[in-house]
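**Q** This structure is in structure tokens; I'll ask about it shortly.
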Amino acid sequence: MKLPERMRYLDTAGAGEPEVLRVATGPVPQPKPDEVLIRVLAAGVNRPDVMQRKGMYPPPPNASPVIGLEVAGEVAAIGREVAGINVGDCVCALTNGGGYAEYCVAPAPQCLPWPAGYDALKSAALPENYFTVWANLFMMGRLTRGESLLVHGGTSGIGVTAIQLAREIGGTVYATAGSREKCDACVRLGATAAISYRDEDFAQRIRELTKGQGVDVVLDIVGAPYTLRNLECLRMDGRLVQVAVMHGAKVDAFDLSFVMRKRLSIVGSTMRPRTTAEKGQIAKALREKVWPVLDAGRCAPVIHQVFPLAEAAAAHRLMETSAHIGKIMLKVAD
């Protein structure tokens with residue numbers, strides 16, 4: 001495959017509103033020994049992208065400054081240490097940055113094949129959410145068959161993934177969402193019940209739905225305003241799993257004796273700072289345990305809207321409204 005010397009990508013003219021995203025041209029990146037170069041066909045839009053655009057989520061050292069954490073496309077070149085991936089393979093990848101571009105490099109351990117029957121858009125909708133949910137909900141939160149889960153933001157990319165995977169393993173899922181339409185979508189995805197957080201106190205509804213027992217795990221993206229009620233929702237030995245703090249990270253009043261009496265665990269993580277080895281272990285678990293489920297068609301991403309790469313600003317504006325159900329995607333090439 002003959003590679004071009006230059007490519008289109010989305011540059012940011014400083015931190016700010018979506019309008020700072022502009023199409024620019026620059027050199028095609030070169031893969032390091034353990035990396036692959038992907039000709040990007042599609043890329044996912046995620047909340048961390050919005051935060052990076054605003055100057056609130058800088059890329060880690062040695063990562064591309066270009067926004068974009070997940071892509072799917074065709075392998076255009078491989079580093080000399082890469083094994084098991086060949087030029088021409090169709091892969092999706094969790095990137096360390098650089099996804100809003102025609103070409104992107106990614107560490108080989110963070111790449112996965114397209115599931116059976118998937119195209120580039122569906123494949124690009126997988127990495128960020130599936131890596132995050134698997135690592136946090138199943139590895140750290142230890143959700144197992146027969147347990148119950150409360151998912152906040154049930155129609156977010158994280159929420160859609162968590163509901164489907166928890167349902168797949170035989171868990172009972174409850175979800176919160178911001179409208180009746182979104183609540184109905186959560187139930188269609190596999191939630192036993194969905195709670196409209198604008199109209200109901202979710203902690204009270206969970207007590208009612210579980211007959212006072214509570215749930216085994218809460219997966220939260222909201223943060224401080226929900227923390228105390230999240231703990232109230234947990235049963236004995238319950239686990240609060242924090243994957244984002246969209247509305248604040250500092251909790252003013254926190255009674256640790258409550259945590260002790262109920263033997264609760266509070267865990268959480270961010271994905272981007274993890275090492276390649278750590279992300280590679282997550283990818284390996286996904287390929288073994290989740291990709292067969294995707295191949296069989298039993299779980300799938302929900303794609304809300306697709307924008308051309310040049311209209312990434314419009315995609316970010318939609319993300320910030322929270323009006324979407326599922327993933328917002330960028331189509332980069334055919």
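**Q** So for region 130-268, what percent of the C-alpha to C-alpha distances run longer than 22 Å? Display every interim value, and only then the final one.
**A** Working: 2693 of 9591 pairs.
It works out to 28 percent of all Cα pairs.
**Q** I've got another one for you. Can you pull the Kirkwood radius for the chain, inverse mean 1/r over Cα pairs, to one decimal in Å? Intermediate results must be reported in sequence, preceding the final value.
**A** Details: mean 1/r = 0.0493 Å⁻¹.
Kirkwood radius, the chain: 20.3 Å.
**Q** Now a separate question. Using the Karplus curve 6.51 cos²θ - 1.76 cosθ + 1.60 with θ = phi - 60°, what ³J(HN,Hα) values do you get for each residue of region 254-267, in whole Hz, with x for Gly and Pro?
**A** Running phi through 6.51 cos²θ - 1.76 cosθ + 1.60 with θ = phi - 60° gives 9, 8, 5, 5, 5, 4, 5, 5, 9, 6, 7, 10, 10, 10 Hz.
**Q** Given a 10 angstrom Cα cut-off, can you work out which residue in VAL259, VAL215, VAL251 is the most mobile in a GNM of the chain?
**A** The residue that fluctuates most here is VAL251.
**Q** Give me the net charge for the shell around ALA72: Cβ to Cβ below 14 angstrom, other residues only, Lys and Arg +1, Asp and Glu -1.
**A** On the way: positive: ARG39, LYS122, LYS327, LYS331; negative: GLU70, GLU74, ASP89, GLU102, ASP119, GLU128, ASP334.
Local charge sum for ALA72: -3.
**Q** Using +1 at the C-beta of Lys and Arg and -1 at the C-beta of Asp and Glu, which of VAL28, VAL91, PRO308 has the Cα lying farthest in the positive direction of the dipole of the chain?
**A** Highest projection toward the positive end goes to VAL91.
**Q** May I ask you to derive the relative contact order of region 130-268, considering only C-alpha pairs under 8 Å and at least 6 residues apart, and to give it as an integer percent?
**A** Worked out over region 130-268, it gives 21 percent.
**Q** If you don't mind, another one. Straight-line reach from LYS122: which lysines have a Cα under 16 Å away, not including same-chain ones fewer than 8 places off?
**A** Counting by Cα, and skipping residues close in sequence, LYS122 has these lysines nearby: LYS327, LYS331.
**Q** Calculated from DSSP H runs of 4 or more alone, at -39500 (n - 2.57) each and per residue, what is the 222 nm mean residue ellipticity of the chain, nearest 500?
**A** One gets -7500 deg cm²/dmol as the mean residue ellipticity at 222 nm.
**Q** With contacts defined as alpha carbon pairs under 8 Å and 6 or more residues apart, what's the relative contact order of the chain in percent?
**A** This gives 18 percent for the chain.
**Q** Please list, or write none, the lysines whose alpha carbon is within less than 23 Å of the alpha carbon of LYS211, excluding same-chain residues fewer than 8 places away.
**A** Those lysines meeting the cut-off are LYS262.
**Q** Taking the chain as a Gaussian network, Cα atoms linked when under 10 Å apart, which of VAL293, VAL40, VAL91 shows the biggest mean-square fluctuation?
**A** Fluctuation is largest for VAL293.
**Q** Pick from ASP199, ASP89, ASP220: which residue has the top mean-square fluctuation in a GNM of the chain where Cα pairs under 10 Å get a spring?
**A** ASP199
**Q** Enumerate the calculated ³J(HN,Hα) couplings along region 45-56 in order (Karplus 6.51 cos²θ - 1.76 cosθ + 1.60, θ = phi - 60°), each rounded to whole Hz, writing x wherever the residue is Gly or Pro.
**A** With the stated coefficients, region 45-56 comes to 9, 9, 4, x, 4, 4, 5, 5, 4, 7, x, 9 Hz.
**Q** Considering only the chain, what is the antiparallel percent among its DSSP beta bridges, to the nearest 5?
**A** Here the antiparallel bridges make up roughly 55 percent for the chain.
**Q** Alpha carbon centre of region 78-109 versus region 184-206: separation in Å?
**A** So the two Cα centres are separated by 38 Å.
Just so you know, all these numbers are worked out from the coordinates, no wet-lab data involved. Owing to the predicted nature of the structure, the values given are computational and were not obtained by experimental measurement. With ideal geometry, Cβ positions are generated from the backbone for all residues, glycine too; neighbour counts draw on all protein chains shown.
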